[in-house]
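Below: the structure, in structure tokens.
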Amino acid sequence: MSTQSENRFQAIISHAKEYGFVFQSSEIYDGLSAVYDYGPYGSELKRNIRDYWWKSMTQLHENIVGIDAAIFMHPTTWKASGHVDNFSDPMIDNKDSKKRYRVDHLIEAHAEKLPKEAGDALIAEME
């Protein structure tokens, strides 16, 4: 992420905290890193986005219906859907910063810094 993008992101986060959209989860107990709860405005915004998405994806189409399925499913369901055999996001742990990174994101970020041909070749090799 570029410095300008990072600054903009931090400004948005700061604004969201200041105006009650979000606040750090368990904040009175020193909080949890990267975990936020929705405040009054955040709850409303989230509901409005969810309702708009639901309407545009289901109610505006005659041949689509909505369901609300369980998040936890029998392992056979994940196997049958192909998730077990075909889904993998290799991760890399940075022991100094204690952060985890998806390998494909790191490669894509590196490819952007290379000349176009070399970057495209790197991405093609990854796929």
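The values are calculated or read from the model by the stated rules, or taken from the named source; none is laboratory data. Every value quoted in this text rests on a predicted model; they were computed, and no experiment measured them. Neighbour counts are summed over all protein chains in view; Cβ atoms, including those assigned to glycine, are modelled from backbone coordinates with ideal geometry.
Remarks
- Among the residues making up region 22-73, a single one is acidic (Asp, Glu) and in contact with a Phe, Trp or Tyr (Cβ under 7 Å, 6 or more places away or on another chain): Asp37.
- Yes/no for Asp120 being out of contact with any strand residue (DSSP E or B) (no Cβ under 7 Å at 6 or more places or on another chain) and assigned by TED's automatic domain parsing to the domain that holds Gly20: no
- Residue pairs whose Cβ atoms lie under 6 Å apart, separated by 6 or more positions or on different chains, with the first residue in region 1-19 and within 26 Å of His110 (Cβ to Cβ) and the second assigned to a loop (DSSP other than H, G, I, E, B), do not occur.
- Filter result for Asp85 (loosely packed, with under 12 Cβ neighbours inside 10 Å, outside the structural domain of Trp53 (by TED's automatic domain parsing) and not in a helix (DSSP H, G or I)): no
- Flag for Gly20 being touching a helix residue (DSSP H, G or I) at 6+ places or on another chain (Cβ under 6 Å) and outside the structural domain of Lys113 (by TED's automatic domain parsing): yes
- Residues being surrounded by 11 or more Cβ atoms within 10 Å (Cβ to Cβ) and hydroxyl-bearing (Ser, Thr, Tyr) - total across region 88-127: 1
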